[in-house]
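Take a look at the structure below.
Computed from the coordinates by the stated procedures, all read-outs in this text should not be read as laboratory data. Computed from a predicted model, the values in this text were never measured in an experiment. Backbone-built Cβ (ideal geometry, glycine too); neighbour counts: all protein chains shown.
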Amino acid sequence: MDPGQPYWNPHLEQLSRHRLAALQLEKFKKIFTWAYERSRFHRRLYDAAGVTPEDIRTTADIRRVPKVEKSMMRDIQRKEPFPYGDALCVPLETVTEFRQTSGTTGQPVYQPDTWQDWEWWAECWSYILWAQGYRPRDRVFIPFGYNVFVAFWAGHYAAEKIGCEVVPGGVLDTPARILKIQELQATAMMATPTYVLGMAETARTKLGIDPSQLTIEKITCAGEPGAGIPSTKKRMETAWGARVFDHAGATEIGAWSYECAPQPGGLHVNEAFFLVEIEDMETGEIIETPGRRGKMIITALDRLAQPCIRFDSNRRPSRK
């Protein structure tokens, strides 16, 4: 990959709107058919709504497909096969990755992924990192406590995929992580906004180190909305003397959006991999006119083990 190339996948990222819509429709048909034929949960849901794969011919037909909410995913976990329930579309023995949601809004949702799904996660994150200026020359420090929450797991794998050197700081405490950044002259890192600010405070007060004088050039944030709030972003950038980029994703959806290096004031949707519909909060109608606010209904177009089809994210696009 040419480091001067601004796109990780120049072909998909420069598709015309017409060709992109055709690709999304084709992928939606495939994932809908996959779920209908292999998942008892999805089959019940779609049969109750009177929608079959043969009914999806146009983009407008997608709106007939029932939405899925997180509470529904919690309910199916009480069914077999354990521990995922009957939304599972692959044999249990082909599941290679377990993750779960944070549980901040209730019982965690378990998320199975196959090896192919995990490759998909890494590819999605590769788009994110490349668009934010990560290149093979970078040494990326990840101050992340690796556990059952997906967080920066896929960011780690994607950084390796695009050729970066990755330094995992999972078992180190905060002072040790700062000293390791200093020792190895890391150029990038990934963390939540709260932790980015906390690290800066620890560096100053406990170690006498000005984090803006370290070698960090760019920071990717996720897990919290701070990097999308101008005042918080500015605090992080001032503290570290680095550019800070936002990313929004979810365990049950995937890494679906990102801020790019030009930072035009919002997040891109990785539209070759995700279909995002904006739903009017009052009428439930899908909004087609740009500039109107609503909530996002998201489909992961390529995730196979436990498909995410028309997932009600309860997330409203931020006003930039």
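What tally of residues in segment 50-61 results from selecting those that are more than 19 Å from GLN24 (Cβ to Cβ) and surrounded by 13 or more Cβ atoms within 10 Å (Cβ to Cβ)?
Final tally of qualifying residues: 1.
Results for (1) under 30 Å from GLN14 (Cβ atoms); (2) buried (at least 24 other Cβ atoms within 10 Å of the Cβ), shown as yes or no for each residue.
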position: GLN107; (1), (2): no, no
position: GLN116; (1), (2): yes, no
position: GLU119; (1), (2): yes, no
position: GLY133; (1), (2): yes, no
position: GLY163; (1), (2): yes, no
position: ALA176; (1), (2): no, no
position: ALA186; (1), (2): no, yes
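For THR96, are the conditions met, namely being without any contact (Cβ under 8 Å) to a residue 60 or more places away in the chain, part of a helix (DSSP H, G or I) and of a type in the set (S, T, N, Q)?
no
Go through (1) assigned to a helix (DSSP H, G or I); (2) in contact with a Phe, Trp or Tyr (Cβ under 7 Å, 6 or more places away or on another chain) one by one and return the number of the condition TRP8 breaks.
Among (1) assigned to a helix (DSSP H, G or I); (2) in contact with a Phe, Trp or Tyr (Cβ under 7 Å, 6 or more places away or on another chain), TRP8 violates only (1).
When you go through VAL140, VAL148, VAL167 one by one, which is the residue that is in contact with a strand residue (DSSP E or B) (Cβ under 9 Å, 6 or more places away or on another chain), more than 24 Å from PRO6 (Cα to Cα), of a type in the set (A, V, I, L, M) and buried (at least 17 other Cβ atoms within 10 Å of the Cβ)?
VAL167
How many residues does segment 196-225 hold that are surrounded by fewer than 20 Cβ atoms within 10 Å (Cβ to Cβ), in contact with a Pro (Cβ under 7 Å, 6 or more places away or on another chain) and not charged (D, E, K, R)?
So the count comes out to 2.
Can you name the residue in segment 259-302 that is over 21 Å from ARG19 (Cβ atoms) and among the polar types (S, T, N, Q) and, of all such residues, is surrounded by the fewest Cβ atoms within 10 Å (Cβ to Cβ)?
Checking each candidate, the answer is THR289.
Just the residues that are touching a residue at least 12 places away in the same chain (Cβ under 8 Å) and out of contact with any strand residue (DSSP E or B) (no Cβ under 9 Å at 6 or more places or on another chain), please, taken from segment 172-194.
Across segment 172-194, the qualifying residues are LEU172, THR174, PRO175, ILE178, LEU179, GLN182, THR194.
Cβ contacts < 6 Å: first residue more than 20 Å from LEU25 (Cα to Cα), restricted to segment 275-292; second residue small (Gly, Ala, Ser), any location; separation 6+ or different chain. Result?
Close Cβ pairs (under 6 Å, with a partner that is small (Gly, Ala, Ser)) amount to ASP280/GLY294; MET281/GLY294.
Can you tell me which residue in segment 62-104 is surrounded by the most Cβ atoms within 10 Å (Cβ to Cβ), limited to those that are touching a helix residue (DSSP H, G or I) at 6+ places or on another chain (Cβ under 7 Å) and farther than 19 Å from TYR46 by Cα?
That would be GLU97.
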